[in-house]
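Worksheet for the structure shown next.
Please treat every number below as a calculation from the coordinates, not as lab data. All figures in this text were calculated on a predicted structure; none of them were measured in a lab. Cβ: placed from backbone, ideal geometry, glycine included. Neighbour counts: every protein chain shown.
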Amino acid sequence: MDNRPIGFFDSGLGGLTSIPHIMKQLPDERIIFFGDTARTPYGSKSPDTIRQFTMQIGDFLVKNDVKMIVIACNTVSATCLEDLRAAYPQIPVIGVISPTAAVVAKSCSEEDRIGIIATKVTVRSCAYEARIQEKHQGLHTFSKACPAFVPLIEEGIIDNAIMDLTIQYYLDDFIRENRINTLVLGCTHYPLIAANIRKLYPDLRIISSSKEVATAVKIELAARDMFAVPQRSDDLENVFYASDLSENFVNMIKTILGREEDELNIKFKNLDL
Ligand code: DGL
């Protein structure tokens, strides 16, 4: 049993999309979330820069006495998972790619045509292909970097024609030419445009990294006997930090968690020390 909070982080607000899945599956757990909104997007930056930012966030979460770190970001999972594990051997560190690849490997067959959409860094790393092939050789995968999605989502440009056109710009040919029938949202920002994607390509099966990581957290906590014991609801305070408290970050937390601002503990934290 361990009542310390679980630390989550992302380059921005995308990682928030994993929080409702955690709250549903693990209602007794307390969460500290950090979104590096001042420095987003990570997905087009160099691995060295991503590593430097990631270690700052890791130190911040560890100083806040988290019992586990969840990298709610595919880009960081693809580049720095092992760096974080080496830096904090005392706590488990979980990335989003392996749990998502495991679901793809289990639920897809050789007949499927699996598209993986992600940031440039994630696509260049080939981390998805490697993890999927390790678990299920012979699956057909195709990757596509979609670098304009994250800046638009961070700006809140979602439910409109600009986003729909951007999706079509990246995905129309990709889906048609490769005959994709299954699409992996290999970026935790992308569940925020899943409804647009479903509307444009209603026959696609969608697998989301934000959802699959919740199951991995549950399995890890069970294996280490680290579940929190049920607490009074006022002790269950979650904290949401951002390195830039933009209006859109605050609005997104409210939308994703379905709570009002005064019910949420939202704080500013500059890590660029
Ligand atoms: N949400 C992030 C991911 O899952 C990265 C977005 C970005 O900063 O480019 O890859």
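Quick notes
- Annotation for Arg198 and Leu257: the two label points, set 7 Å from Cα along the Cα-Cβ direction, are 2.4 nm apart.
- Taking other C-beta atoms within 10 angstrom as a stand-in for reagent exposure, Ser243, Ser109, Ser18, Ser125 fall in the order Ser109, Ser125, Ser243, Ser18, fewest first.
- Shown for Lys144, Lys199, Lys135: other C-beta atoms within 10 Å of each C-beta, ranked fewest to most, produce the order Lys199, Lys135, Lys144.
- Dipole of the chain, positive direction: furthest Cα of Gln137, Leu204, Gln231, with charges on the beta-carbon: Gln137
- Two-site FRET efficiency, Asn64 against Arg224, from Cβ-Cβ distance with R₀ of 25 Å, rounded to 0.05: 0.85
- Under conditions of 10 °C and 1.306 mPa s, the stretch 89-162 yields 113 µm² s⁻¹ as its translational diffusion coefficient, taking Rh as the Kirkwood radius over Cα pairs in the Stokes-Einstein equation.
- Nearby lysines by direct alpha-carbon distance to Lys67 (threshold 18 angstrom, same-chain neighbours under 8 apart not counted): Lys218
- In Hz, Karplus ³J(HN,Hα) per residue of the stretch 117-122 (6.51, -1.76, 1.60; θ = phi - 60°; x = Gly, Pro): 10, 6, 6, 4, 5, 5
- Anchor Lys120: lysines whose Cα lies under 18 Å away (excluding residues fewer than 8 positions away in-chain): Lys45, Lys144
- Spacing of the two label points (7 Å from each Cα toward its C-beta) at Lys24 and Asn265, in nm: 2.5
- Taking 0.36 nm per residue of separation and subtracting the current Cα-Cα distance, fully stretching the chain between Glu111 and Thr49 would add 18.4 nm.
- Span-like helix ranges in the chain, DSSP H, alpha carbon extent 20 angstrom or more, Kyte mean at least -1.0: 47-63, 161-178, 209-223
- Max mean-square fluctuation residue, GNM over the chain, Cα-Cα springs under 10 Å, options Ala102, Ala194, Ala223: Ala223
- Hits among lysines - C-alpha to C-alpha of Lys211 under 18 Å, sequence gap 8 or more where chains match: Lys24, Lys106
- Charge dipole magnitude, Cβ of K and R +1, D and E -1 - the chain, Cα centre, debye nearest 20: 560
- Rounded if a/c under 1.5, otherwise prolate or oblate - the stretch 182-273, Cα gyration tensor axes: oblate
- Share, in percent, of DSSP beta bridges within the stretch 123-273 that are antiparallel, nearest 5: 0
- Point-charge dipole on Cβ atoms (K/R +1, D/E -1) for the stretch 48-105, about Cα centre, debye to 20: 120
- Estimated FRET transfer efficiency (Asp244, Asn181; beta-carbon r; R0 35 Å; 0.05): 0.35
- MRE, 222 nm, helices only [DSSP H, n ≥ 4, -39500 (n - 2.57), over the chain, to nearest 500]: -13500 deg cm²/dmol
- In whole angstrom, the chain maps to an equivalent ellipsoid with semi-axes of 29, 21, 18, each derived as √(5λ) from the alpha carbon gyration tensor and ordered largest first.
- The H on the amide N of Met68, modeled in the peptide plane, is under 5 Å from the matching H of Gly7, each at least 5 residues off or on a different chain.
- Order of Arg176, Arg205 under a 10 Å beta carbon neighbour criterion, fewest first: Arg176, Arg205
- Lys, Arg +1 and Asp, Glu -1 on Cβ, resulting dipole of the stretch 122-193 about Cα centre, debye, nearest 20: 380
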